[in-house]
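The values are calculated or read from the model by the stated rules, or taken from the named source; none is laboratory data. From a predicted model like this one, the values you see are computed outputs, not experimental measurements. Don't worry about glycine lacking a Cβ; one is built from the backbone with ideal geometry, like all the others, and counts go over all protein chains shown.
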Amino acid sequence: MPKLFSFEPDHMLTDLHSRNQPYVYPAQTSRTVELETAPHYSDSRFDKEQTVFGKAAPGLNYDYSDRLWDWNKSKEAFAEADKSGKTKNSANYYDVYLSHYFGKKIRVEHILAGVNVSNGYPYAVFGYREVSK
């Protein structure tokens, strides 16, 4: 099977605002912490996509946020996630969102965030697996 992404979970990158000192984005392991999943285009920490939660693991399915948020059912999924009481933009919040979106129990295990350098729009990449009931 071809490799889907050319990323390493903990990128080192140059932060132009700190005199070119290397910066490692601190990936969260807590499922309840609000994550930076929509960075601003001027945030040089995200010049390359960064792991913001968890880590890559064999068997994960990956989907880009723009593929998930372009459909009408994403509004319903966000409404469900908002009603769940989970911290917005946390791994638990995205569990609820993706579970409603796909219509099956999902557990998010890896989230990356970045900025599209051609248009400045942020994106997230969700690594998840189906949870057996």
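Brief remarks on what is shown
- Listed by position, the strands (runs of 3 or more DSSP E) contained in the stretch 4-85 that have at least 1 residues being within 19 Å of ARG129 (Cα to Cα), modelled with pLDDT of 65 or more and acidic (Asp, Glu) are 61-64.
- Qualifying residue in the stretch 126-133 (condition: in contact (Cβ under 8 Å) with a residue 40 or more places away in the chain and of a type in the set (Val, Ile, Thr)): no
- Those residues of the stretch 58-87 which are of a type in the set (S, T, N, Q), in contact with a strand residue (DSSP E or B) (Cβ under 7 Å, 6 or more places away or on another chain) and either surrounded by 15 or more Cβ atoms within 10 Å (Cβ to Cβ) or on the phi > 0 side of the Ramachandran plot (or both), in sequence order: SER65
- Restricted to the stretch 86-133, and to residues there that are hydroxyl-bearing (Ser, Thr, Tyr) and outside any helix (DSSP H, G or I), the residue that is farthest from THR51 (Cα to Cα) is SER132.
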